[in-house]
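Reading through the structure tokens given below for one structure.
The values are calculated or read from the model by the stated rules, or taken from the named source; none is laboratory data. Predicted model only: the values in this text are computed from it and were never measured. Virtual Cβ from ideal backbone geometry, glycine too; neighbours counted across all protein chains shown.
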Amino acid sequence: MIHRRRTKIVVTLGPALDNLDVLKKVINAGADVFRCNFSHGSQEDHQRRIESVRKFASDAGREVAIFADLQGPKIRVARFKNKKVFLKQGDEFVLDANLDTNDGDEKAVGIDYKELPHDVTTNDILLLDDGRIVLCVKEVVGVKIICSVVVGGELSNNKGINRQGGGLSAKALTDKDKADLVFATTLGVDYFAISFPRSAADMEEAKSLIVDAGSQAGVIAKIERVEAVAALEEIINASDAIMVARGDLGVEIGDAELPAVQKHIIKLTRQLNKPVITATQMMESMIHNSIPTRAEVFDVANAVLDNTDAVMLSAESASGDHPDVVVEAMARICSGAEKNPNVNSVNDRIEGCNGTIDEAIAMAAMYTANNEDIKAIIAITESGHTPLLMSRVRTDIPIFALTRNLATQRKVNLYRGVYPLPFDITEVDYASIDQCAIEVLQQKGILQEGDLVIVTKGDIIGEHGHTNTMKIWRVE
């Protein structure tokens, strides 16, 4: 059987993909999930881009997942009169909540987040522009944060502010986020990514807003705060997926701590039966270059070796010179890393089964597949939950999620090693469901005569959570 890349690729939409020929190439190169970044662009931009993705994916005979990445709280400096300034080490610099938005200079600048003076105190370290500028708080006078420049450099408009060690009180969902969420539900997005959550309560609030808006989209928690790392397990349990958002997270916890934290997040997320995305600067040099650096190759490959479900491109695809080349390179690296035998070493996780029937069936299927000459696993599913459980087990055997639900076909594109196919179980006689499902894969050239295949399904048709049957078939 031809090797299928198991690690999924998330591509961020942006001006570079407004060129429809490039977008087609990116889809054909293997993009599985598209990210719509609501920190940039208008609602009209997002609608046009999502409609284009849906059209060209359909033309290619595929379904892809799309998620709306909500901006979250804007903890940023405002703007400068001359667009940028140069701060020198030892200089005094003031973050002034009352300064006009456009009046920044070498002495002071306004801030978007007006509560910042209440969140910091003397000797706090503030990191601006992803840590490139370092300020030490000397004192707080009213709404002015008077700082000393520890590490200087060029500072331009709207750069982010982080407090070393975390502790900023900004809520995860702003009024803008709530409005964007309602709008994005009308576009049929499959997931919402929530920026800067601090606790499970932030994720539960997002879920409630999504339901109230009439959507069944999942929620992705972006782990980018120190507080989120401390509350990681409860956030995972309250979410449908997790993103290791390494930009702000690395600034808050420090770059030396980041690799171990990334590995911990990936491992725990998979143990708790949720998919995980590794993001930020994975192929940064390819914004302009046509080949990745060796460090970037190792970065992507190491995430694959840790069994991340997906790796993500940001500016590389949104504003880069050749997004299709970047996707091709990332796909090549993922496929190469997946050939390492350690990636697929058997991990049957019997001890981690939580006692539900569908998980027992999923674990039994994976144990059998990893110990017999099974060519493929067919999970006939309504919600995609059973193939998700299967994908938590290390294996190189493809898992095909056959479903009549379009939303499920799209969502499972995020799951490692899971491939959706349309299959309406209600149009097939119950006694012949397995054979009809097998024929779907035969017609696509996936299965050949004599192959062994596992089929899982539920006795109750049309309801999720009822998978209770596993059979092994030899293809006729």
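Among 61, 131, which is outside the structural domain of residue 188 (by TED's automatic domain parsing) and either surrounded by 18 or more Cβ atoms within 10 Å (Cβ to Cβ) or part of a loop (DSSP other than H, G, I, E, B) (or both)?
It is 131.
Which ones in the range 249-279 are out of contact with any Asp or Glu (no Cβ under 9 Å at 6 or more places or on another chain) and not aliphatic (A, V, I, L, M)?
254, 255, 257, 259, 264, 271
Name the single residue, out of those in the range 1-36 being of a type in the set (Gly, Ala, Ser) and not in a helix (DSSP H, G or I), that is surrounded by the fewest Cβ atoms within 10 Å (Cβ to Cβ).
Looking at residues that are of a type in the set (Gly, Ala, Ser) and not in a helix (DSSP H, G or I), I get 30.
Where in the range 221-304 are the helices (runs of 4 or more DSSP H), entirely inside, with at least 1 residues that are under 19 Å from residue 127 (Cβ atoms) and among the small types (Gly, Ala, Ser)?
It comes to 226-230, 246-253.
Residue by residue through the range 443-465, note down the ones that are surrounded by fewer than 17 Cβ atoms within 10 Å (Cβ to Cβ) and either under 32 Å from the mean Cα position of the chain (by Cα) or more than 23 Å from residue 360 (Cα to Cα) (or both).
Hits for the range 443-465 are 443, 444, 445, 448, 449, 450, 461, 462, 463, 465.
Of 176, 74, 144, 159, which residue is surrounded by fewer than 16 Cβ atoms within 10 Å (Cβ to Cβ) and either of a type in the set (Lys, Arg) or in the same structural domain as residue 219 (by TED's automatic domain parsing) (or both)?
176
Out of everything in the range 155-185 that is outside any helix (DSSP H, G or I) and of a type in the set (S, T, N, Q), what residue ends up being farthest from residue 145 (Cα to Cα)?
Among those residues, the one meeting the criterion is 174.
Could you say which residue among 438, 425 is over 28 Å from residue 335 (Cβ atoms) and in the same structural domain as residue 382 (by TED's automatic domain parsing)?
Within the list 438, 425, the selection yields 425.
Taking the range 3-21 on its own, how many of its residues are in contact with a helix residue (DSSP H, G or I) (Cβ under 8 Å, 6 or more places away or on another chain) and more than 24 Å from residue 275 (Cα to Cα)?
Within the range 3-21, residues that are in contact with a helix residue (DSSP H, G or I) (Cβ under 8 Å, 6 or more places away or on another chain) and more than 24 Å from residue 275 (Cα to Cα) number 6.
Give just the number: which of (1) surrounded by 18 or more Cβ atoms within 10 Å (Cβ to Cβ); (2) in the same structural domain as residue 179 (by TED's automatic domain parsing); (3) more than 27 Å from residue 195 (Cα to Cα) does residue 66 not satisfy?
Condition not satisfied by residue 66: (3).
Got a sec? Which of 74, 81, 24 is over 26 Å from residue 320 (Cα atoms) and of a type in the set (Lys, Arg)?
Result of the check over 74, 81, 24: 81.
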